[in-house]
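So the structure is just underneath, and the comments pick up after that.
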Amino acid sequence: MLNYYFKDTIESFLSKSNEEIIGSITMANQFDATMNQNRSWEQQLPILQKALNGYNGTIFFEFSIPRMGKRIDSLVIIDNVVFVLEFKVGESKFHEFDKDQVWDYALDLKNFH
């Protein structure tokens, strides 16, 4: 079983179209992908491609934390630093529980990987 729906080098990720990446994610998805989920990925991809331009590393989408039943939206590894990224599409501000979610994911990665 895959621990992620999509994995690529940042360099390769930057050269791919939204359709190609979303297609790969959707094919690996064990569950029904909703239109809202696809739109969320459509918004995440250009943000990440812009932010990661010029970096080398690895990117994962929908990274699963074993035994916890949780999935991280995006996980990026650059120079042995792990970045846990959660997107809240449509939100206009950061909520404390959103920050807690990312913190929990980081702790889960530390303790279970």
Name the pairs whose Cβ atoms lie under 9 Å apart, with the first residue in the stretch 21-43 and farther than 23 Å from GLY69 by Cβ and open to solvent by 40 Å² or more (accessible area, probe 1.4 Å), the second at pLDDT below 80 and among the β-branched types (Val, Ile, Thr), and 6 or more positions between them or separate chains? ARG39/VAL89; GLN43/VAL89
Looking only at residues that are within 19 Å of VAL76 (Cα to Cα) and at pLDDT below 95 in the stretch 1-19, which one is surrounded by the fewest Cβ atoms within 10 Å (Cβ to Cβ)? SER17
Filter the stretch 59-113 for residues that are outside any helix (DSSP H, G or I), hydroxyl-bearing (Ser, Thr, Tyr), crowded, with 16+ Cβ neighbours inside 10 Å and without any contact (Cβ under 8 Å) to a residue 60 or more places away in the chain and give the result. SER74
Check the stretch 67-84 and report whether any residue there is modelled with pLDDT of 95 or more and acidic (Asp, Glu). yes
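The values are calculated or read from the model by the stated rules, or taken from the named source; none is laboratory data. Only a predicted model underlies this, so the values are computations on that prediction, with no experimental measurement involved. Ideal geometry is used to build each Cβ from the backbone, glycine not excepted, and the neighbour counts take in all protein chains shown. Side chains included, ligands, DNA and RNA excluded: accessible areas come from the protein's heavy atoms. Shrake-Rupley method; radii C 1.70, N 1.55, O 1.52, S 1.80 Å.
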